[in-house]
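The values are calculated or read from the model by the stated rules, or taken from the named source; none is laboratory data. All of these numbers come straight from a predicted model, not from anything done at the bench. No Cβ is skipped: glycine too gets one built from the backbone with ideal geometry, and neighbour counts run over all protein chains shown.
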Amino acid sequence: MNPQNDEIEIDLLEILYVIKSKILIVLASMLVAGLLTGLYSVCLAEPVYESTARMYILTKTTSLTSLADIQMGTSLTQDYKELITSRTVVEQVIHDLDLSLTYGQMVERINVENPSNTRIIKITVQDNVAEDAKTMVDQLMEVSREKISSIMATEAPSVIEYGNLPISPVSPNVLKNIIIGLALGAFVAMAVIVILFMMDDTVKTADDVEKYLGLNTLTSIPLREGEQKHKKGFGKKKTGKETSGK
């Protein structure tokens with residue numbers, strides 16, 4: 001068996017040439033994908049708003065004059081983060097606000113963070129309605145403070161600020177989605193072009209005869225007068241006949 005038939009050579013320059021020859025298809029695919037993602041982001045995707053509240057984990061009676069107080073404040077941050085998203089606290093918020101959400105659905109909307117080297121807890125709640133996001137984060141703050149005070153048998157943590165009323169949504173990011181759509185459209189178009197090119201095993205030139213059949217081209221029949229030679233591409237039929245021999 002001829003070893004030349006057992007392997008496929010990939011000519012990168014030839015692939016680039018094919019992609020270049022189909023650049024209009026690539027651009028059209030980019031525009032369509034970018035337009036679709038843009039329309040989806042603007043017309044179909046629900047906006048998501050987020051409101052953030054902050055609390056200071058040390059109470060008014062706690063001082064920072066000793067190393068023990070500082071260490072206590074640092075270690076309590078993780079405890080507070082767990083308490084804020086506990087089932088008792090979250091379900092109390094759902095009950096107080098009469099929300100049609102389960103515990104799991106509500107927790108997915110909550111994000112609790114502790115900025116580095118601070119004793120501050122940042123609580124963020126997301127919702128499709130800006131006013132509801134603020135209402136939920138404020139109620140979560142109050143219920144959390146009461147629960148922490150009850151469990152720790154101490155004063156409630158101090159409130160730094162209640163939730164803000166968001167003006168613009170954090171999602172969807174229309175520009176980002178359009179850019180992703182453009183890139184995805186270009187990638188898909190080029191992938192299809194390359195796959196079709198690799199699957200096209202028709203013999204079109206003398207070089208193809210030697211490459212795929214392992215034969216030397218002895219001569220070729222020229223085109224008749226008036227015929228035009230086509231560039232190599234998809235669906236192009238052989239424009240001349242080559243005579244091959246060993």
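Annotations
- The single residue among 178, 167, 193 that is outside the structural domain of residue 120 (by TED's automatic domain parsing), loosely packed, with under 15 Cβ neighbours inside 10 Å and in contact (Cβ under 8 Å) with a residue 24 or more places away in the chain turns out to be 167.
- Of the helices (runs of 4 or more DSSP H) that lie entirely inside the range 88-207, those containing 3 or more residues that are of a type outside the set (Val, Ile, Thr) and within 21 Å of residue 78 (Cα to Cα) span 103-108, 130-152.
Conditions (1) at pLDDT 80 or above; (2) basic (Lys, Arg); (3) touching a Phe, Trp or Tyr at 6+ places or on another chain (Cβ under 8 Å), marked per residue:
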site: 64; (1), (2), (3): no, no, no
site: 69; (1), (2), (3): no, no, no
site: 81; (1), (2), (3): yes, yes, no
site: 101; (1), (2), (3): yes, no, no
site: 110; (1), (2), (3): yes, no, no
site: 124; (1), (2), (3): yes, no, no
site: 147; (1), (2), (3): yes, yes, no
site: 152; (1), (2), (3): no, no, no
site: 164; (1), (2), (3): yes, no, no
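- The set of residues in the range 97-118 that are charged (D, E, K, R) and surrounded by 13 or more Cβ atoms within 10 Å (Cβ to Cβ) comprises 109, 113.
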